[in-house]
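Where a number appears in this text, it was derived from the coordinates with a stated rule and is not lab data. In this text, all values refer to a predicted model and were calculated from it rather than measured experimentally. A quick note on method: Cβ atoms are made from the backbone with ideal geometry, for glycine too, and the neighbour counts reach across all protein chains shown.
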Amino acid sequence: MSDQTPTLDKSRTQLAAPAAHGVGIELIELTKQYAGQRAPAVDKVSMRIAPGEMVMFLGPSGCGKTTTMKMINRLIEPTSGQILIGGDDVLRLDPSELRRRIGYVIQQIGLFPHMTIAENIGLVPRLLGWSKSRIAERIGELLDLVGLDPSVYRDRYPRQLSGGQQQRVGVARALAADPPVMLMDEPFGATDPITREHLQNEFKRLQQELRKTIIFVTHDFDEAVRLGDRIAVLRERSEIAQFDTPEKILAAPADDYVASFVGSAAAIRRMGLTSVADALRVVRLGPVSTPAHGITVELESSIRDAIDAMLRAGRTQVDVRAADGTLAGSLAFDQVCELWARAQAGEPDVR
Amino acid sequence: MSFLEYVEYNLDDLVRLAAEHLLVVVIALLIAAVVGVTIGVLTWQSARWSEVATATSGALLTIPSLALLALLIPIFGLGWTPAVIALAIYSLLPIVRNTVAGLRAVDPAVIEAASGMGLSRRRSMWQVQMPLAWPVIITGVRVSAQMLFAIATIAAYVAGPGLGNEIFAGLSRLGAANALNKAIAGTLGVVILALAFDAAFILIRRFTTSRGLRV
Ligand SMILES: Nc1ncnc2c1ncn2[C@@H]1O[C@H](COP(=O)(O)OP(=O)(O)OP(=O)(O)O)[C@@H](O)[C@H]1O
Ligand SMILES: [Mg+2]
C-alpha cells in the first residue's frame, strides 16, 4: 500500500508509520439506497484505510460523502455491504456504544448550547464512567491541545465563543474519550480562509502526535492536499475516481475528472508538499553561491518556497541555510526540474 | 360594613380560601405538565400525531366548564377530585402545543451531534432536547396557569376548594348584607393570586433554564 513506501515529506513519513492509537477501517461493497430514490446514493464502495492514516473524501456536493461517512458510525444504516473497524463488524455492535468509540465532528459543529464548554467536552467520558477528576484533567488537556486557554474557556457557553473557537471545541469534544477513529465532516467549513488555514495547520500538528485513523470530508482540494495522507476523489454515488497520496494525485491525475479538481499549477502545488531536506535524498546541493547574494531558504522550507525565492530574486539558484544557521549549499533550478522529472517517472523514492 | 372592614374581619377565611385556590391550581398544573409534556414528547416527530394531540387538547378546552364538571361528578363525585381533573384538562393545550413547538425548534445539528456521540434516544431527550426546549415548554405552563386561576373559581360548583366559594356566595345573595363585598373580595383575590404567580413564574423560568441559553 502506498502509505508504506518512503516519501519525500518527513511529516508524512511519520504519519504513515505504524500507529499506536489508530485502528484500520475497511468498507466492503458498501451501499445506501434511500427509500423512494431511483439510484443509490452510495453504490458498492470498497476501501481500506490503514491504522493511523488520515484519508480525505473529496468530491462535489451531493456525491455521497456524508452518506458514506455516516454509515461508518451507523447514523445511516447501510442497505448492503460491510464495515470493519479493527476487524470488528460494525453492523453487529450496539450503535450507541460504537459511537462512543468513534469521534464525530459534524459540519454544523452542533455544540450543546445549554452546556458549558467543559460539559460539552466531558459528556462522552462521563457516559463511559470516567471519574470526575480524570474528566476535569482531560478537559484541560484537550483545551490546551486545540489552543484554547482552559482557565478562560472552560466555563463559558458555546454562544460566548466565535465560530472558529466553536469548531476547535467541536474537535476537542470528538477527541474527548481518545477514540481510535475520527469522522470529520467539513469540520473547518464555517471559518474564513485565514482561520481555516490556521486550524488546518494546528490539526495537522495534532494528528502527527495523535495518529488517529481519520476520515475527513472536504470540498476543498487544497485542504485535502494539506492534511491528507491519502485522498479519495469521489464522483456521483461515492464512486472512487482515484484513491492515492496527494503527491500522486497532483502528479498523475487518473482522468479528466480528477484533473478538474487538481486545477491549475499542479506542479507548483506539489512542490509545496516537498521540503528542501526531503529533496536532498534525490539531489545533491551545489556549492554556496559566490559572491554571496543573500538569497536563502531554510532546510525545512518547501521546494515551492525555494522556487519563489529564485523568481523574486531573478536568479536560478538559492542558498540553503541549515538549522545551525550556516549555509549548507545551494539549490539550482535545474535540480528542481530534475526532481520533478524523477517524481513524474514514478521513482519510488521521489513520490 | 365597608369593603376594607369586611376583608379585615374575614381575613382568616379569605387566606384559607386563597391557599386552597392556589393549591388546586398548582396540583392541576403539575398533573397537566406531566401528561402534556409526555404527549408532546411522544408526538412531536410525527406531523400527524402532534396535530391530533393539539387538536384534541384544543377541543377539550372548548367544553363549557359547567358541562365538563357535570360530566365528571358521576365518576368522581364532589369536591377536590373533579375540580383538579377539570382544571388539568383545560391546561393541556398550551402545554402540549408548546412542548411540540419547543422540541421542533431544537437545532437538528445538535440532535445529530448527540446521537453521533453515542447518546441513546432517551438520553438525548433528557440531557439535550428537553433542556433546550424548556424555555418554550415552561411558557406554555405559564399560559395555562393564567387561565386556571380564573377557571378554578367554578370548582365551587362541585363543592370544591377555592375563592369561587366566596364569589358565588356573594353573587347568589346580591342585595343582602356584605354580598357585594364577598364577590369583590373573591374576585380581587383571584386576580392578586394570578399576578403573584405570574411573577413567580419569571423566577422559575430563570432558575430552570440553563445560563447558556440566556447569554
Ligand atoms: N435522508 C435522505 N433521504 C433521501 N436522499 C438523501 C438523504 N440524504 C442524502 N440524500 C441524497 O443522497 C445523495 C448524497 O448525499 P450526501 O449528503 O451524502 O452528499 P454529500 O457528498 O455529503 O454532499 P455535500 O458536499 O453537499 O454535503 C444526494 O443526492 C442527496 O440528495
Ligand atoms: Mg455532506
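Annotations
- Normalised by residue count, the protein assembly as shown yields a Cα convex hull volume of 209 Å³ per residue.
- Most positive-pole-ward Cα, B:L29, B:I202, B:V136, against dipole of region B:3-213 from beta carbon charges: B:V136
- Label sites at A:L128 and A:Q344, each approximated as a point 7 angstrom past Cα along Cα to Cβ, lie 4.9 nm apart.
- Were the residues from B:L23 through B:L213 laid out at 0.36 nm apart, the gain over their Cα-Cα distance would be 65.3 nm.
- Cβ-to-Cβ counts within 10 Å put A:T79, B:T43 in ascending order as A:T79, B:T43, the fewest first.
- Chain A: calculated mean residue ellipticity at 222 nm from DSSP helix runs of at least 4, using -39500 (n - 2.57): -10500 deg cm²/dmol
- Pairwise label distance in nanometres, A:K204 with A:L93, each label 7 Å out on the Cα-Cβ vector: 3.0 nm
- Leading residue at positive end of dipole, chain A (Cβ point charges), from A:M71, A:P113, A:G314: A:P113
- Sorting the segments A:305-312, B:109-116 by their mean number of nearby beta carbons within 10 angstrom, highest to lowest, gives B:109-116, A:305-312.
- Top of A:V282, A:V169, A:V42 by mean-square fluctuation, Gaussian network on chain A, Cα under 10 Å: A:V282
- Using the Cβ-Cβ distance between B:A67 and B:A159 with R0 = 22 Å, the FRET efficiency computed as 1/(1 + (r/R0)^6) comes to roughly 0.80.
- For chain A, built as a Gaussian network whose Cα springs stay under 10 Å, the top-fluctuating residue of A:E137, A:E197, A:E186: A:E137
- Among B:L4, B:A176, A:A267 the positive-end extreme of the charge dipole of the protein assembly as shown (Cβ point charges): B:A176
- Mean Cα-pair separation over length for region B:3-213, i.e. relative contact order, pairs under 8 Å, 6 or more apart, %: 27 percent
- Rounded to the nearest 20 debye, dipole of chain A from Cβ charges on Lys, Arg, Asp, Glu: 680 debye
- Cβ-Cβ FRET estimate between A:D178 and B:A59, R0 fixed at 60 Å, reported to 0.05: 0.65
- Annotation for A:A252 and A:L327: the two label points, set 7 Å from Cα along the Cα-Cβ direction, are 3.8 nm apart.
- Neighbour counts of C-beta atoms inside 10 Å place A:I231, B:I167 in the sequence B:I167, A:I231, starting with the fewest.
- Largest-first principal axis extents of the Cα set of region A:10-263 (Å): 51, 39, 37
- FRET efficiency for the A:V282 to A:T316 pair, using the beta carbon distance and R₀ = 22 Å, is estimated at 0.75.
- Taking 0.36 nm per residue of separation and subtracting the current Cα-Cα distance, fully stretching the chain between B:L203 and B:D12 would add 65.9 nm.
- This ranking places B:F197, A:F57, A:F112, A:F333 by how few other beta-carbon atoms lie within 10 Å of each, fewest first, which gives A:F333, B:F197, A:F112, A:F57.
- Here the dipole of chain B is about 840 debye; that uses its Cα centre as origin and unit charges on the Cβ of Lys and Arg (positive) and Asp and Glu (negative).
- For chain B, calculated [θ]222 nm from helices alone, where every DSSP H run of n ≥ 4 adds -39500 (n - 2.57): -25000 deg cm²/dmol
- Relative contact order of region A:222-306, taken over Cα pairs closer than 8 Å and 6 or more residues apart, is 22 percent.
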